[in-house]
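This report refers to the structure that appears directly beneath it.
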Amino acid sequence: MSNQIAIIVGSLRKESFNRQLANAIIRLTPENVSFNLISIGDLPLYNQDHDADQADSVKRMKAELIQCDGVLFITPEYNRSIPGVLKNALDHGSRPSIDNIWAKRPAAIIGISPGAIGTAIAQQHLRVVLAALDMPTLCKPEMFLQMKEGFFDESGNIGQKSHQFFTEWLNQFIAWVSTNKKM
């Protein structure tokens with residue numbers, strides 16, 4: 001059975017390490033999985049006054065997410081937390097609360113940064129938000145990735161030293177989605 005998994009990148013920067021990571025993951029895709037990179041940069045700032053008449057970009061994001069069995073969040077760490085653009089997308093998707101697109105949708109969180117602890121603090125903050133949104137989130141193994149020379153090869157793929165570890169994590173996440181996806 002095939003799984004469709006949404007990828008949401010918490011960075012808008014075209015050349016961000018996390019966007020590079022998303023593209024590398026898409027290239028690693030096993031045959032039984034398809035990834036859908038969901039754009040969040042065009043969403044207006046969340047305003048509860050617009051819940052009854054959401055912007056077209058919000059409707060588009062929700063329509064794309066409804067087709068997916070799980071969500072992979074790939075986030076940088078901004079000032080020891082999640083980026084505002086990611087929180088904005090989460091807020092839009094959860095409103096109105098009766099239409100929470102995130103509820104019961106399995107998720108995982110990864111991120112890459114030049115810092116020694118990667119995006120560990122942002123990931124912990126995001127876990128708190130995802131728990132409030134009722135998203136079963138893969139807890140182990142955690143993926144705190146440090147951007148170092150050789151992490152990506154010259155083609156933008158996961159480098160040789162990290163390839164096996166990363167592939168094993170990806171397989172565990174895909175199994176998580178298969179086990180926990182909404183019926």
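The values are calculated or read from the model by the stated rules, or taken from the named source; none is laboratory data. None of these values were measured; they are calculated from a predicted model. With ideal geometry, Cβ positions are generated from the backbone for all residues, glycine too; neighbour counts draw on all protein chains shown.
Laid out as a table, the results:
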| quantity | calculated |
| --- | --- |
| Selection from the stretch 117-140 of residues that are among the β-branched types (Val, Ile, Thr) and either surrounded by fewer than 19 Cβ atoms within 10 Å (Cβ to Cβ) or closer than 20 Å to Cys68 by Cβ (or both) | Ile117, Ile121, Val128, Val129, Thr137 |
| Sole residue being over 15 Å from the mean Cα position of the chain (by Cα), surrounded by 15 or more Cβ atoms within 10 Å (Cβ to Cβ) and at pLDDT below 95, chosen from Met143, Met147 | Met147 |
| Cross-chain or 6+ apart pairs with Cβ under 9 Å, the stretch 159-183 first and over 16 Å from Met147 (Cβ atoms), then among the hydrophobic types (A, V, I, L, M, F, W, C) and assigned to a helix (DSSP H, G or I) | Leu170/Ile25 |
| Any hit, the stretch 7-21, residues being charged (D, E, K, R) and in contact with a strand residue (DSSP E or B) (Cβ under 6 Å, 6 or more places away or on another chain) | yes |
| The stretch 20-35 residues that are without any contact (Cβ under 8 Å) to a residue 12 or more places away in the chain, paired with ones that are surrounded by fewer than 19 Cβ atoms within 10 Å (Cβ to Cβ) and of a type outside the set (A, V, I, L, M, F, W, C) (beta carbon under 9 Å, 6 or more apart) | Glu31/Ser2 |
| Residue list for the stretch 1-58, filter: in a helix (DSSP H, G or I), under 21 Å from Leu90 (Cα atoms) and under 12 Å from the mean Cα position of the chain (by Cα) | Asn18, Arg19, Leu21, Ala22 |
| Among (1) at pLDDT below 95; (2) within 21 Å of Ile110 (Cβ to Cβ); (3) charged (D, E, K, R), the one test that Glu31 misses | (2) |
